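Undergrad: Here it is: the structure, laid out below.
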Amino acid sequence: NLVGTSNADFSSGDPGMYQLDITLRRGQNLAARDRGGTSDPYVKFKLGGKEVFRSKTIHKNLNPVWEEKACILIDNPREPLYIKVFDYDFGLQDDFIGSAFLDLTSLELNRQTEVTLSLKDSHYPDHDLGTILLSVLLAPREEQREVTMLMRKSWKRSSKKNYVVLPHTPSRTGNLWHRICSPSNCVLMTLFCVLSNQNHETFQTQSLRLSDLHRKSQLWRGIVSVTLIEGRDLKAMDANGLSDPYVKFRLGHQKYKSKIVPKTLNPQWREQFDFHLYEERGGIIDITVWDKDAGKKDDFIGRCQVDLSTLSKEQTHKLEMPLEEGEGCLVLLVTLTASAAVTISDLSVNSLEDQKEREEILKRYSLMTMFHNMKDVGFLQVKVIRAEALMAADVTGKDSFSKSDPFCVVELNNDRLLTHTVYKNLNPEWNKIFTFNIKDIHSVLEVTVYDEDRDRSADFLGKVAIPLLSIQNGEQKAYVLKNKQLTGPTKGVIYLEIDVIFNAVKASVRTLMPKEQKYIEEENRLSKQLLLRNFIRMKRCVMVLINAAYYISSCFDWDSPPRSLAAFLLFLFVVWNFELYMIPLALLLLLAWNYFLIVSGKDNRQHDTVVEDMLEDEEEEDDRDDKDSEKKGFMNRLYAIQEVCVSVQNILDEVASFGERVKNTFNWTVPFLSWLAIVALSVFTIILYFIPLRYIVLVWGINKFTKKLRSPYAIDNNELLDFLSRVPSDVQVVQYHELKQDPSHSPSKRKKNNP
């Protein structure tokens, strides 16, 4: 699709830099891709093979109106801008509607142009797939090309899903492009104005400021806490006059999904989600409500938006949001709070080495402040020093895989920060310090090394997962990098020095509260090895109960007279003297016995090689699936069967994990949790010994009956299940196990670890 003739003079040499202001206005007569004769269209802009913009989805509309603005910096106008339109399908692969391209060399410079592009599909060249209407303005920029390349390299670090192009407002100086940002990895465009006015000799000095701004742009300015309370009078989408509603939230690249409440039009969720706020002026949370349908596409119920710029900070707002394009409303509690203590700095700026700052941090988390700000559990400082012998991922010249461009991502729950990239180096030195607020001492610190790639998403080089409770403060350690599944080693080591300071009382109380939910991740898929693994894990838990039953039966059969006689005398003693307090006392004695075995060097815990072998088999299957994914499109047509199998697979995982977590509590896998269990069981034993059962049941019942009256919007939780959710299952124990560095290890014999 060419746009008229142009008087633009694009030289054959260096094309310079251009700014493309583009407004996606609307679509007309788009092709229907859904069974109802409609589509849910959205648009992607691609430049040089990289996605630079993605519009919002307009549901059930063949003539959508977007009116979304974006601004793109162009360093080669001979590269056409590709426009691709898709139909969004939840749970399935999105359907392709059509594509077009805009030849930038055909545009007249400094002139607003209205463009109509006809969508085409090479497989169906004669089909009318509709049109897309754009408004474009191309203007030249005289800035140095080196600055452009530096900023482009910084953008490449983010995966394309992390890009957010925000609507912008024209300024008096005409800088319409300064609103482009990526919350996880952006460079502030306003710096470009500063750089453009400097001489080329001062470029290196100014580029240091680019690094500083890149570091600051990752840090959020506040936290938005959203509590989803309930829905009222939602639209019925099923034949029985009811719905199975769930809610999706989106703020920038951050996404959450609520649980599904079956067969109701007035669902009660009572779930809480936390978002990071990157903009001073707030943002907009997009909320959509869906009806879950097994075996087919979920039905759209309605949508609403929360404009955070209209809400005051440090205050909880109760919102009743009517649903657009549907019926009913949602009840939310929204709270905006100040920024968490997250920072990025060089090694020369160390909070814990400054005696005054260290004393302030220790005072903040001392026992004297145990009841102040219960969500602020502790302080984490991570020094990312260097890596050695990384895997080579780039091809340069005649050499094969000779270098990498590594950068490091540090994650704690939903907090995610990045280092800079060290180019063409297998032994990079970052020397950066990251600090985080700890909201849950049972969180796991994840450090991942990637290779930056200009033309596609970053390549995975290695990863380590470190539970906070296993960290030894102030010790610089070399961690062997693992593969994506954390089941085996890959090439290279990373040197970290980590310090954790936390309040034990706050951490104990937080253990009995619900875990923080992570952002929406990829949909669960059916895996033969995963299904088999979960079945074997559950079978092992059941076999423990069966073996216990056989042991008791053998006592009844007097297979071993001494053992049976001892069991008989114990039975008479316990039954004759039984009191309710003896139940937690027995569990307390079991914990103490296992602790005694560990301290005395008679630890009978064995390294779980069975689970490790199953994880490696699953990893091999994942690699085969990755290679054959394009050939297995028919799995989408078996969505109903897959959903049932995935549900069975997940239920097996939950049952097996529950049994393993109970076992690992008594095995002292996590000493902090085992000590916490000892304290709790001791308290229960004393209470049951001195207080009659009827009074305990009476207090419990009064609390249950009056809980909603005392706190109408309290989130329901089970303290015992919340406690067990912090105990790692056998699979997690294997994943968090620290590998020993083996100089003779060569990853070449395991091709599956290569990116």
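Undergrad: Given the conditions (1) open to solvent by 70 Å² or more (accessible area, probe 1.4 Å); (2) outside any helix (DSSP H, G or I); (3) closer than 27 Å to Asn503 by Cα, report the number of the one that Leu362 does not fulfil.
TA: (2) is the only condition that Leu362 fails.
Undergrad: Under the condition of being under 23 Å from Thr57 (Cβ atoms) and outside any strand (DSSP E or B), which residue from segment 239-266 is nearest to the chain's Cα centre (by Cα)?
TA: From segment 239-266, those under 23 Å from Thr57 (Cβ atoms) are 243-260; that's our starting set.
Now drop any that are not outside any strand (DSSP E or B), which leaves 243-244, 252-253, 258-260.
Details: Ser243: 28, Asp244: 25, Gly252: 13, His253: 10, Ser258: 15, Lys259: 17, Ile260: 20 Å.
Result: His253.
Undergrad: Which of the residues spanning segment 463-496 are part of a loop (DSSP other than H, G, I, E, B), in contact with a strand residue (DSSP E or B) (Cβ under 7 Å, 6 or more places away or on another chain) and open to solvent by 40 Å² or more (accessible area, probe 1.4 Å)? Full working, then the answer.
TA: Within segment 463-496, the subset part of a loop (DSSP other than H, G, I, E, B) is 471-474, 483-488.
With the extra rule that they be in contact with a strand residue (DSSP E or B) (Cβ under 7 Å, 6 or more places away or on another chain), the set shrinks to 471, 473-474, 483-484, 486, 488.
Once the filter is applied, which keeps residues that are part of a loop (DSSP other than H, G, I, E, B), in contact with a strand residue (DSSP E or B) (Cβ under 7 Å, 6 or more places away or on another chain) and open to solvent by 40 Å² or more (accessible area, probe 1.4 Å), segment 463-496 yields Asn473, Gly474, Lys484.
Undergrad: Against the condition out of contact with any helix residue (DSSP H, G or I) (no Cβ under 6 Å at 6 or more places or on another chain), at pLDDT 85 or above and of a type outside the set (A, V, I, L, M, F, W, C), how does Pro562 come out, does it pass?
TA: Details: out of contact with any helix residue (DSSP H, G or I) (no Cβ under 6 Å at 6 or more places or on another chain): yes; at pLDDT 85 or above: yes; of a type outside the set (A, V, I, L, M, F, W, C): yes.
Yes, satisfied.
Undergrad: Here is a further query. Conditions: (1) open to solvent by less than 50 Å² (accessible area, probe 1.4 Å); (2) farther than 28 Å from Glu325 by Cβ; (3) hydroxyl-bearing (Ser, Thr, Tyr). Tyr82 meets all but one. Number of the miss?
TA: Going through (1) open to solvent by less than 50 Å² (accessible area, probe 1.4 Å); (2) farther than 28 Å from Glu325 by Cβ; (3) hydroxyl-bearing (Ser, Thr, Tyr) one by one, Tyr82 breaks only (1).
Undergrad: If you go through segment 634-662 one residue at a time, how many are over 18 Å from Leu530 (Cβ atoms) and at pLDDT below 75? Before you say what the answer is, go through the steps one by one.
TA: Going residue by residue through segment 634-662, those that are over 18 Å from Leu530 (Cβ atoms) are 634, 636-637, 640, 661-662.
Next cut, at pLDDT below 75 only: 634, 636-637, 640.
Within segment 634-662, residues that are over 18 Å from Leu530 (Cβ atoms) and at pLDDT below 75 number 4.
Undergrad: I'd like the residue in segment 302-316 that is of a type in the set (S, T, N, Q) and assigned to a strand (DSSP E or B) and, out of all such residues, is modelled with the highest pLDDT. Steps first, answer last, please.
TA: First pass over segment 302-316, keeping only residues of a type in the set (S, T, N, Q): 305, 309-310, 312, 315-316.
Subset that is assigned to a strand (DSSP E or B): 305, 316.
Values: Gln305: 91, Thr316: 78.
Looking at residues that are of a type in the set (S, T, N, Q) and assigned to a strand (DSSP E or B), I get Gln305.
Condition check ((1) in contact (Cβ under 8 Å) with a residue 60 or more places away in the chain; (2) within 20 Å of the chain's Cα centre (by Cα)) across all residues:
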{"site": "Glu429", "(1), (2)": "no, no"}
{"site": "Thr435", "(1), (2)": "yes, yes"}
{"site": "His442", "(1), (2)": "yes, yes"}
{"site": "Asp459", "(1), (2)": "yes, yes"}
{"site": "Ala465", "(1), (2)": "yes, yes"}
{"site": "Lys477", "(1), (2)": "no, no"}
{"site": "Val480", "(1), (2)": "yes, no"}
{"site": "Leu486", "(1), (2)": "yes, yes"}
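Undergrad: While we're on this one: Return the only residue of Gly27, Gly4 being open to solvent by 20 Å² or more (accessible area, probe 1.4 Å) and either at pLDDT 90 or above or not assigned by the TED database to the domain that holds Asp299 (or both). So that I can check it myself, show each step before the final result.
TA: Numbers: Gly27 fails: open to solvent by 20 Å² or more (accessible area, probe 1.4 Å).
None of the others qualify; the one that does is Gly4.
Undergrad: Sticking with this structure for a sec: Trp430 versus (1) touching a Leu at 6+ places or on another chain (Cβ under 9 Å); (2) open to solvent by less than 10 Å² (accessible area, probe 1.4 Å); (3) not acidic (Asp, Glu): which is the lone unmet condition?
TA: It is condition (1) that Trp430 fails.
Undergrad: Yes or no: Glu271 surrounded by fewer than 16 Cβ atoms within 10 Å (Cβ to Cβ) and not assigned by the TED database to the domain that holds Asp34? Step through it out loud before you land on a result.
TA: Numbers: surrounded by fewer than 16 Cβ atoms within 10 Å (Cβ to Cβ): no; not assigned by the TED database to the domain that holds Asp34: yes.
It is false that Glu271 is surrounded by fewer than 16 Cβ atoms within 10 Å (Cβ to Cβ) and not assigned by the TED database to the domain that holds Asp34.
Undergrad: If Ala714 satisfies all but one of (1) more than 24 Å from Ser258 (Cα to Cα); (2) in a loop (DSSP other than H, G, I, E, B), what's the number of the condition it fails?
TA: Going through the list (1) more than 24 Å from Ser258 (Cα to Cα); (2) in a loop (DSSP other than H, G, I, E, B), Ala714 breaks only (1).
Undergrad: Then there is this: Given the condition in contact with a helix residue (DSSP H, G or I) (Cβ under 8 Å, 6 or more places away or on another chain) and assigned to a loop (DSSP other than H, G, I, E, B), answer yes or no: does some residue in segment 442-450 qualify?
TA: Initial filter on segment 442-450 (in contact with a helix residue (DSSP H, G or I) (Cβ under 8 Å, 6 or more places away or on another chain)): 442-445.
Subsequent filtering for residues that are assigned to a loop (DSSP other than H, G, I, E, B) retains 442-443.
For segment 442-450, residues in contact with a helix residue (DSSP H, G or I) (Cβ under 8 Å, 6 or more places away or on another chain) and assigned to a loop (DSSP other than H, G, I, E, B): present.
Undergrad: Right, Asp376: of a type in the set (Asp, Glu), closer than 19 Å to Lys439 by Cα and modelled with pLDDT of 75 or more or not?
TA: Numbers: of a type in the set (Asp, Glu): yes; closer than 19 Å to Lys439 by Cα: yes; modelled with pLDDT of 75 or more: yes.
Yes: the conditions hold for Asp376.
Undergrad: Output the residues belonging to segment 43-65 that are part of a strand (DSSP E or B) and either acidic (Asp, Glu) or open to solvent by less than 10 Å² (accessible area, probe 1.4 Å) (or both). Explain how you work it out, then say what you get.
TA: Step one: of segment 43-65, the residues part of a strand (DSSP E or B) are 43-47, 50-54, 65.
Val43, Phe45, Glu51, Phe53 - these are the residues of segment 43-65 that are part of a strand (DSSP E or B) and either acidic (Asp, Glu) or open to solvent by less than 10 Å² (accessible area, probe 1.4 Å) (or both).
Undergrad: Turning to a different aspect of this structure: Could you please let me know if Pro584 is more than 24 Å from Phe684 (Cβ to Cβ) and modelled with pLDDT of 85 or more?
TA: Details: more than 24 Å from Phe684 (Cβ to Cβ): no; modelled with pLDDT of 85 or more: yes.
No.
Undergrad: Test Asn110 against the criterion of being at positive phi and in contact with a strand residue (DSSP E or B) (Cβ under 7 Å, 6 or more places away or on another chain), and give yes or no. Steps first, please.
TA: Working: at positive phi: yes; in contact with a strand residue (DSSP E or B) (Cβ under 7 Å, 6 or more places away or on another chain): yes.
Judged against the criteria, Asn110 is a match.
Undergrad: Moving on. Applying the selection to segment 558-587, what residues are assigned to a loop (DSSP other than H, G, I, E, B) and within 16 Å of Tyr689 (Cα to Cα)? It would help to see each step written out before you state the result.
TA: Step one: filter segment 558-587 for residues assigned to a loop (DSSP other than H, G, I, E, B), giving 558-560, 578-581.
Across segment 558-587, the qualifying residues are Phe578, Glu579, Leu580, Tyr581.
Undergrad: Filter segment 444-462 down to residues that are modelled with pLDDT under 90 and either in contact with a strand residue (DSSP E or B) (Cβ under 7 Å, 6 or more places away or on another chain) or not basic (Lys, Arg) (or both), then give me how many there are. Please lay out each step first, then the result.
TA: Filtering segment 444-462 down to residues modelled with pLDDT under 90 leaves 450-460.
Add one more test, that the residue is either in contact with a strand residue (DSSP E or B) (Cβ under 7 Å, 6 or more places away or on another chain) or not basic (Lys, Arg) (or both), and what stays is 450-453, 455, 457-460.
So the answer is 9.
Yes or no, residue by residue, for (1) closer than 11 Å to Thr335 by Cβ; (2) out of contact with any Pro (no Cβ under 7 Å at 6 or more places or on another chain); (3) not charged (D, E, K, R):
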site: Asp298; (1), (2), (3): no, yes, no
site: Val306; (1), (2), (3): no, yes, yes
site: Ser312; (1), (2), (3): yes, yes, yes
site: His317; (1), (2), (3): yes, yes, yes
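Undergrad: Which count do you get for residues in segment 70-94 that are at pLDDT 85 or above and assigned to a strand (DSSP E or B)?
TA: Total satisfying the criteria: 7.
Undergrad: Let me ask something else. Could you list, in sequence order, the residues of segment 702-727 that are touching a residue at least 12 places away in the same chain (Cβ under 8 Å) and under 15 Å from Ala677 (Cα atoms)?
TA: Of the residues in segment 702-727, the ones touching a residue at least 12 places away in the same chain (Cβ under 8 Å) are 713-717, 719, 722-727.
Answer for segment 702-727, where residues must be touching a residue at least 12 places away in the same chain (Cβ under 8 Å) and under 15 Å from Ala677 (Cα atoms): Glu719, Asp722, Phe723, Leu724, Ser725, Arg726, Val727.
The values are calculated or read from the model by the stated rules, or taken from the named source; none is laboratory data. Remember, it's a predicted structure, so these values are computed and weren't measured experimentally. Positions of Cβ are generated from backbone atoms using ideal geometry, with glycine treated the same way; all protein chains shown enter the neighbour counts. The protein model used for the area step is the full one, side chains on, heavy atoms only, and it has no ligands, DNA or RNA in it. Shrake-Rupley method; radii C 1.70, N 1.55, O 1.52, S 1.80 Å.
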